[in-house]
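J.: Take a look at this one; I'll ask things after.
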Amino acid sequence: MNLRFASLIVLLAAGGCADMQWRKPGVDDAQTARALDDCRRAAREQSFHELNARVLAQPYGTGVDRRGRATLAPPLAAEGDRAIFEQDLLSTCMRREGYELAPVQPRYTR
């Protein structure tokens, strides 16, 4: 089984159980939001650069049509992997900054 696919299944299963948030002791919500934005931006940029490198390195011919002509389209598997790869990069960046992903603690208001 593909490791990225397995990671996606785990994330989806965990997401259905509880809301998650990034936490770091002594850091307020505004600082966490800035760190998350910075990591998200870096992850998006890196994933697109790597996606473009993979797409350009792969052949565009994906098969033949009913008349026997080659069908030309960029590989779609790379785009499917990009979102998962971007999430992995985001998680790595946040953990490197000292954050951990934890369930949201319910806040009760009266």
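The values are calculated or read from the model by the stated rules, or taken from the named source; none is laboratory data. Model, not experiment: these values are computed from the prediction. Backbone-built Cβ (ideal geometry, glycine too); neighbour counts: all protein chains shown.
J.: Residues that are at pLDDT 90 or above: list the strands (runs of 3 or more DSSP E) wholly contained in region 1-99 that include at least 2 such residues.
T.: On the way: elements: 20-23, 61-64, 70-72.
In region 1-99, the matching strands (runs of 3 or more DSSP E) lie at 20-23.
J.: How do the pairs read when you match residues in region 82-98 that are within 8 Å of CYS39 (Cα to Cα) with residues anywhere that are aromatic (Phe, Trp, Tyr), using Cβ under 8 Å and keeping only pairs 6 or more apart or on different chains?
T.: MET94/TRP22
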